[in-house]
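The values are calculated or read from the model by the stated rules, or taken from the named source; none is laboratory data. Nothing here was measured: the structure is a model prediction, and the numbers come from that model. All Cβ positions, even for glycine, are placed from backbone atoms using ideal geometry, and neighbour counts span all protein chains on display. The area values use the complete protein model at the heavy-atom level, side chains included, leaving out ligands, DNA and RNA. Shrake-Rupley method; radii C 1.70, N 1.55, O 1.52, S 1.80 Å.
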Amino acid sequence: MNAAFRLAAVCASAAAVAGLTGPVHAGKVVDSIKQKGAVTCGVHTGRAGFALADSSGKWSGLDVDYCRALAAAVLGDAGKVKYVPLSGPTRITALQSGEVDVLARNTTWTYTRDTSLGLVWVGINFYDGQAFITKKKPGLAKVAQLAGATICVDSGSTTEKNLAEYFTGHKLQYKSVVFDQIEASQQAFISGRCQVYTGDNSNLAVLKATLLKNPDDYVILPEQISKEPLGPAIHRGDDDWFAIAKWTLFAMIEAEELGISSSNIDSLKASSSDPTIKRFVGTGDDLGKFMGLDKEWSYRIVKQVGNYGESFDRNVGADSKVKLPRGLMNLWTKGGLMISPPLR
Amino acid sequence: MATVESASSAALAPPRPPLNLRSIGLQALALALVVALGAWLVNNATINLRAQNIASGFGFLGDTAGFAISEGLLPYEPSDSYARAFAAGVANTLRAALPAVVLATVLGFALGIAQTSRHALVRLLSRGFVDLVRNVPLLVQVLLWYFALTELLPGTDTPLRLSDVAFLSKGGLNIAMPELTASQAIVPLALTILVPWLAWVAAPWRRITLPVALLVVVGVWLLWPDSWQHPEVGNFGVSGGATLTPEWLALVIALTQYSGAYCAEIVRAGLQAVPRGQWEATHALGLTRPQALRRVIVPQSLRVIVPPYTSLVMNTIKNSSLAVAIGYPDIVSAATTALNQNGQAIECISIIAAVYLLLNLLTTLVMGVVNARVQLKER
């Protein structure tokens with residue numbers, strides 16, 4: 001009697017647990033954001049310039065600014081963001097499972113990732129490329145001269161595959177040491193275990209500027225072996241969220257092109273008569289209603305976060321420690337690739 | 001007992017008990033529920049994956065892997081398939097786990113026997129080491145050894161040399177290797193198997209023939225090949241010869257010391273489980289302490305040591321998965337790289353689980369045979 005009762009209890013609890021789990025729904029992200037009161041944003045565990053938390057827990061960076069822009073557009077307050085630090089190997093699964101609403105974690109937009117993983121990219125916020133950093137040697141200028149080196153790589157990114165394809169395609173020998181934590185691979189390079197470290201150019205610039213004891217002994221080879229367009233990604237299947245995420249990024253770029261920044265937006269709102277600017281600052285036609293937002297969505301983005309140029313300069317550009325040139329990240333009118341479709 | 005009863009038992013066999021229908025019915029119901037739950041979970045996962053356009057199934061195993069595995073016994077190129085990459089990963093897991101198990105056993109027995117020593121200092125040192133190592137997480141120990149090795153070893157451009165045979169640097173230990181084709185290796189391989197076997201078979205003279213056989217085998221391998229690949233310092237550190245990387249070294253050392261400490265406790269328990277009378281008997285017979293341990297105490301302690309030792313071997317094999325933290329390319333590293341490239345999380349993680357399951361089942365099988373030989377036989 002006792003044994004039979006116990007067996008029945010086990011079966012009943014197993015059935016109850018089975019009933020609790022249900023299939024995952026991919027739509028209505030905006031509703032869940034409004035209900036939670038915050039945008040859940042997947043970011044880097046700690047990369048200066050893109051997503052780094054300071055000693056008081058405040059996050060800053062180019063990707064962080066994008067998340068704040070989303071929060072400003074949807075919830076009205078750029079501070080309503082929940083940051084989820086994700087490592088290389090876990091970032092894709094976190095977005096696939098719905099743990100985060102958006103992945104702003106300098107993730108490369110590739111064909112395979114855009115089609116076979118159930119994700120979709122909303123745009124490009126940084127044009128990067130894979131480069132190599134090594135100790136300066138006289139006459140060392142090209143990647144082909146790195147044959148025979150031991151190269152430290154980070155697991156979980158396009159870096160490994162690009163490295164293998166480039167070196168085997170050019171018939172160059174190399175040895176790779178693959179770590180799953182970026183801190184471990186950078187430490188191995190700094191200690192001299194590997195002679196070369198490879199990664200995105202921005203990553204190497206941050207490493208050289210902030211982590212090396214004598215940065216002048218090292219050189220980032222100018223040759224980039226791949227193009228790595230980095231951008232935010234969301235789960236496929238929610239068109240409303242896709243529109244909001246896409247146009248938030250475009251709004252930041254368009255603001256810089258229109259000359260609207262966080263410092264002059266209030267005066268432009270009060271005094272401008274240009275219809276394009278009036279639409280942007282919320283005094284003209286209501287554009288937000290097509291996405292389910294109010295007419296001040298773009299005003300809040302620029303007022304609380306800034307335009308793309310401001311975000312770039314304070315995080316990775318002239319006002320930061322990294323001091324990367326605008327290069328391809330400049331506006332299309334100034335020789336770069338950043339262009340937004342018109343907001344009208 | 002059996003022989004006396006069988007004559008009468010043929011005539012008066014007791015009736016077989018009726019089938020316990022209630023027990024069978026409940027077990028069948030429980031089994032059906034578990035199978036149904038499993039089928040529902042698999043079906044749910046497949047539907048969700050298909051709805052999100054995520055590829056599923058094991059077809060990716062034939063695709064080109066595209067990533068490098070820079071050390072290992074199995075020859076592998078990035079243009080090989082994922083299946084071969086996983087095989088290379090498994091070979092690397094074994095290459096780290098098996099030496100660690102062997103060395104941990106040796107260390108464990110040494111420390112465990114030291115715990116029963118007459119000298120207080122020996123006992124103290126052994127106790128201190130075991131306590132220290134068991135209380136620090138293994139991941140921390142692995143990282144400590146790795147950082148110690150990579151910081152303290154000489155730079156790759158200025159290695160420590162032992163003539164031109166062995167080079168030690170941050171890139172690891174490079175040892176000169178003979179260059180042999182398959183056909184040239186037949187004679188040395190045959191001798192490696194034949195000579196020790198002959199030495200073992202000559203039982204009365206084993207104490208002499210076995211060391212001689214070892215010397216002969218080593219001599220054959222040193223003298224037979226006529227071309228050697230020597231390590232040399234190139235543009236980017238030492239290359240050539242067989243390499244023992246700091247990753248492998250740190251992992252094996254940390255696993256050895258960690259599992260060795262646990263093994264020491266198991267051995268100590270086994271030794272202390274042997275009755276005091278056995279020790280007194282050895283003193284009465286005039287055996288020295290090494291003789292007493294080897295011939296009387298340790299064989300009897302094995303029945304207590306072997307079952308927890310099986311768990312220890314299995315844990316060591318599973319702990320080798322920490323390799324990914326220091327860049328050693330084992331099966332976990334290979335499978336997570338594949339996972340990141342094709343997004344098929346469930347398949348890749350299942351492969352890792354299946355590999356460890358298989359390795360541990362094999363361990364259980366082998367140790368089961370050992371256990372059957374040493375366990376107490378009740379009569």
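How would you classify chain B from its alpha-carbon gyration tensor, with a ≥ b ≥ c the square roots of the eigenvalues: rounded for a/c under 1.5, else prolate if a/b is greater than b/c, otherwise oblate?
oblate
Can you compute the modelled spin-label distance between residue A:271 and residue B:118, with each label point 7 Å from Cα toward Cβ, in nm?
Computed distance between label sites residue A:271 and residue B:118 equals 10.1 nm.
How big is the range B:265-379 on each of its three principal axes, counting only the C-alpha atoms and giving the largest first in Å?
That works out to 70, 35, 16 Å along the principal axes.
With the Cα gyration tensor of the range A:82-147 in hand, give its eigenvalues times 5 under a square root as the equivalent ellipsoid semi-axes, listed largest first in whole angstrom.
Semi-axes from the Cα gyration tensor: 33, 14, 11 Å.
Jot down the radius of gyration and Dmax of chain A, Cα atoms only, both in angstrom.
23.1, 86
Which value, in debye to the nearest 20, gives the size of the charge dipole of the protein assembly as shown about its Cα centre, when Lys and Arg are +1 and Asp and Glu are -1 at the Cβ?
Once rounded to the nearest 20, the dipole reads 2300 debye.
Taking each residue of A:176-187 in turn, how many C-beta atoms of other protein chains fall within 10 Å of its C-beta, and what is the average?
6
Hey, any idea what Rg/Rh is for the protein assembly as shown, computing Rh the Kirkwood way over Cα pairs?
Reported Rg/Rh (Cα atoms, Kirkwood Rh): 1.07.
Please list, ordered by chain and number, the residues whose modelled amide H lies under 5 Å from the amide H of residue A:47; skip anything fewer than 5 residues away on the same chain.
HN-HN under 5 Å from residue A:47: A:52.
Give me the 1.4 Å probe accessible area per residue for the range B:76-139, excluding ligands and nucleic acids, in Å².
It amounts to 49 Å² per residue over the range B:76-139.
Kindly report the accessible area of chain A per residue (heavy atoms of protein chains, probe 1.4 Å, no ligands, DNA or RNA), in Å².
That works out to 42 Å² per residue.
Indicate the residues belonging to the range B:11-34 that lose 20 Å² or more of solvent-accessible heavy-atom surface (probe 1.4 Å) upon moving from the chain alone to the assembly of all protein chains, ignoring ligands and nucleic acids.
Going by heavy-atom accessible area, the residues of the range B:11-34 that drop by at least 20 Å² are B:22, B:26, B:30, B:33.
State the Cα centre-to-centre distance between the range A:82-126 and the range B:251-315 in whole Å.
A separation of 53 Å, based on Cα centres.
Considering the options B:266, A:204, B:364, tell which one lies farthest towards the positive end of the dipole of the protein assembly as shown, charges being +1 on Lys and Arg and -1 on Asp and Glu at the Cβ, about the Cα centre.
B:266
How large is the charge dipole for chain A, taken about the Cα centre, if only the Cβ atoms of Lys, Arg (+1) and Asp, Glu (-1) carry charge, to the nearest 20 debye?
Here the size comes out at about 600 debye.
Give me the residues in the range B:333-379 whose solvent-accessible area, probe 1.4 Å, is reduced by at least 10 Å² once all protein chains are included instead of the chain isolated.
When all protein chains are present, B:333, B:336, B:337, B:339, B:340, B:341, B:342, B:343, B:345 each give up 10 Å² or more of accessible surface.
How large, in percent, is the carbon and sulfur part of the accessible surface of chain B at a probe radius of 1.4 Å?
Of all accessible area on chain B, carbon and sulfur atoms account for 69 percent.
Using only atoms on other chains, find how many Cβ atoms lie within 10 Å of each Cβ of peptide B:70-79 and report the average.
Mean partner-chain Cβ count within 10 Å for B:70-79: 3.
Viscosity 0.692 mPa s, temperature 37 °C: what is the translational diffusion coefficient of the range A:95-249 from Stokes-Einstein with a Kirkwood Rh over Cα pairs, rounded to a whole number of µm²/s?
196 µm²/s
For the range A:34-127, with all protein chains present and a 1.4 Å probe, just round the carbon and sulfur fraction of the accessible area to a whole percent.
It is 52 percent, rounded to a whole number.
Report the one residue of A:84, A:107, A:140 whose Cα lies farthest in the direction of the positive end of the charge dipole of the range A:37-149 (charges on C-beta: Lys and Arg +1, Asp and Glu -1; origin at the Cα centre).
A:140
Subtract the Cα-Cα distance of residue B:12 and residue B:215 from 0.36 nm times their separation in residues, and report this length gain in nm to one decimal.
Full extension of this stretch gives 66.3 nm more.
Rolling a 1.4 angstrom probe over the protein heavy atoms, how many square angstrom per residue are accessible across the range B:141-240?
Result: 63 Å² per residue.
Label-point separation (nm) for residue A:53 and residue B:28, each offset 7 Å from Cα along Cα-to-Cβ?
For the pair residue A:53/residue B:28, the computed spacing is 5.6 nm.
Could you compute how much accessible surface residue B:208 exposes when probed at 1.4 Å, giving the result in Å² to the nearest 10?
110 Å²
Can you pull the semi-axes for the range A:71-183, root of five times each eigenvalue of the Cα gyration tensor, sorted largest first, whole Å?
Listed largest to smallest, the semi-axes of the range A:71-183 are 34, 16, 14 Å.
Which parts of the range B:208-251, residue by residue, lose 20 Å² or more of accessible area when the rest of the protein chains are there, as against the chain isolated (1.4 Å probe)?
B:235, B:236, B:247
Compute the Rg to Rh ratio over the range A:207-344 from the alpha carbon atoms, using the Kirkwood formula for Rh, and round to two decimal places.
Here the Rg-to-Rh quotient is 1.05.
What is the range B:127-240 by shape, rounded, prolate or oblate, if you read a ≥ b ≥ c off the alpha carbon gyration tensor as root eigenvalues and call it rounded for a/c under 1.5, prolate for a/b larger than b/c, and oblate otherwise?
Verdict is oblate for the range B:127-240.
Counting only other chains, what is the mean number of Cβ atoms within 10 angstrom of the Cβ of each residue in peptide A:151-164?
Partner Cβ neighbours, averaged per residue: 4.
If you average 1/r across every pair of different Cα atoms in the range B:15-121 and take the reciprocal, what Kirkwood value do you get, in Å?
Result for the range B:15-121 stands at 20.3 Å.
Using only protein heavy atoms and a 1.4 angstrom probe, determine the accessible area buried between A and B, summed over both sides, in Å² to the nearest 100.
What A and B bury together is about 3600 Å².
Using θ = phi - 60° and the Karplus form 6.51 cos²θ - 1.76 cosθ + 1.60, what ³J(HN,Hα) does each residue of the range B:111-122 get, whole Hz, x for Gly and Pro?
My calculation for the range B:111-122 gives 5, x, 5, 5, 5, 9, 6, 6, 8, 4, 5, 4 Hz in order.
Is the C-alpha gyration tensor of the range A:223-263 telling us rounded, prolate or oblate? Criteria: a/c under 1.5 is rounded; beyond that, a/b larger than b/c is prolate, otherwise oblate.
Oblate.
Note down the accessible area of residue A:242, probe 1.4 Å, to the nearest 10 Å².
Taking all protein chains as shown, residue A:242 has close to 50 Å².
With a 1.4 Å probe and all protein chains in place, put A:140, A:119, B:144, B:180 in order of accessible area, largest first.
Sorted descending by solvent-accessible area, the residues read B:144, B:180, A:140, A:119.
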